[in-house]
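Have a look at the structure below before the remarks.
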Amino acid sequence: MSKGRDAKPHIGIFGRRNNGKSSLINALIGQDIAIVPEVSGTTTDPVKKSVEIEGIGPVIVVDTAGIDDTGNLGMLRIKKTIDAIDRVDLALLVIANNTFGKEEEELVKSFRENELPFLIVHNKTDLAITGEELKNQIQDVYGLSPIDYSALEPYKYNPSLIQKIRETLPDSAYKSRGLIGDLVKAGDIVLLITPIDTEAPEGRLILPQQQVIRDVLDNNCTAIVLKENEVEAFLQRTGIKPVLAITDSQVFQKANAAVPKYIPLTSFSIVLARQKGDFQAYLEGTPKIGELKDGMLFKFLICYCCPVPAIVVIPRRIIQIVLFGNQGVAFGHNKLIKVV
């Protein structure tokens with residue numbers, strides 16, 4: 001999966017408006033978490049909900065807008081529905097009233113292009129049972145049978161649907177993307193430059209440092225943990241050549257001066273951002289910083305997402321703003337920036 005996400009299976013619910021997608025979600029998990037009004041087209045942008053499905057466990061359900069939406073705004077909603085395909089591990093295509101047309105065919109085409117496993121669920125069977133003609137059509141073209149379902153009778157239909165979901169979810173859905181597994185190989189040495197954080201409880205490392213140490217070990221590598229003032233002497237004394245160095249953003253400049261240039265250097269924050277966020281967007285956005293001119297009057301937005309309360313001070317005299325995945329860091333001098 002290309003983008004960062006929670007380490008749980010993601011199940012996308014797709015289909016036309018008024019096919020009972022939200023009702024199916026509520027019936028499947030046994031809770032009213034999705035709004036089900038009398039009018040169609042209530043779901044607009046894809047909505048992610050963390051839930052637990054009996055027999056499967058914790059999952060993320062992605063409720064999407066109807067693929068038959070209309071108007072300019074409707075086209076935008078459909079685009080976001082299609083975009084959601086890239087962020088799920090399994091798609092449930094919800095149909096009703098024995099209707100399977102161009103919209104459904106286009107969705108299935110997108111599923112297959114993205115190598116996304118999918119199931120076809122015929123909802124509202126309390127109103128119209130699945131016809132033999134439709135069953136044969138879907139079986140002949142896609143090699144699977146539509147699953148009968150009624151959100152009004154979940155006790156009757158949930159067991160078979162849940163079983164199909166369990167059988168179809170790929171093993172990769174249960175595996176979270178590691179932090180550095182694609183950067184190292186078994187037997188490599190990783191240098192972790194870890195200043196003592198005064199905010200951490202005495203005798204403990206902060207969570208990002210713990211996570212990276214565990215990931216290093218999970219990848220059968222060796223972690224060497226040093227404080228920032230020990231790095232240069234240690235490398236000279238031992239002759240060890242780590243394949244990667246990771247440090248805390250607050251001592252990045254000091255670490256950069258101590259670590260030889262042939263050793264890739266990054267920060268704990270960036271490693272976590274790469275796992276959890278849309279890192280490609282960060283890469284594309286960062287060069288814009290270089291376009292800033294002395295005395296330039298501009299507007300900018302910094303999103304600061306941190307699990308603990310924090311006060312962010314944006315200095316007026318800065319030379320560069322570096323945005324990490326879960327914090328903003330501003331440093332430097334000699335450039336006058338008017339913040340508006």
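The simple spin-label model puts a point 7 Å past each Cα toward its Cβ; for N72 and N136 those points are separated by 4.7 nm. Measuring against 20 Å, Cα to Cα, the residue pairs K48/K109; K48/K80; K8/K185; K124/K156; K21/K124; K80/K124 contain K48/K109; K8/K185; K80/K124 as the ones spanning a longer distance. Taking each residue as 0.36 nm, the span from R204 to F234 lengthens on full extension beyond its C-alpha to C-alpha distance by 8.5 nm.
Between L283 and D83, the FRET efficiency estimated from the beta carbon spacing at R0 = 22 angstrom works out to 0.70. For K241 and Q211, the FRET efficiency from 1/(1 + (r/R0)^6), where r spans their Cβ atoms and R0 equals 30 Å, is about 0.80.
Values in this text are rule-based calculations from the coordinates and carry no lab data. Keep in mind the model is a prediction, meaning the values are calculated, not measured. Cβ coordinates were reconstructed from backbone atoms using ideal geometry, including for glycine residues, and neighbour counts include every protein chain displayed.
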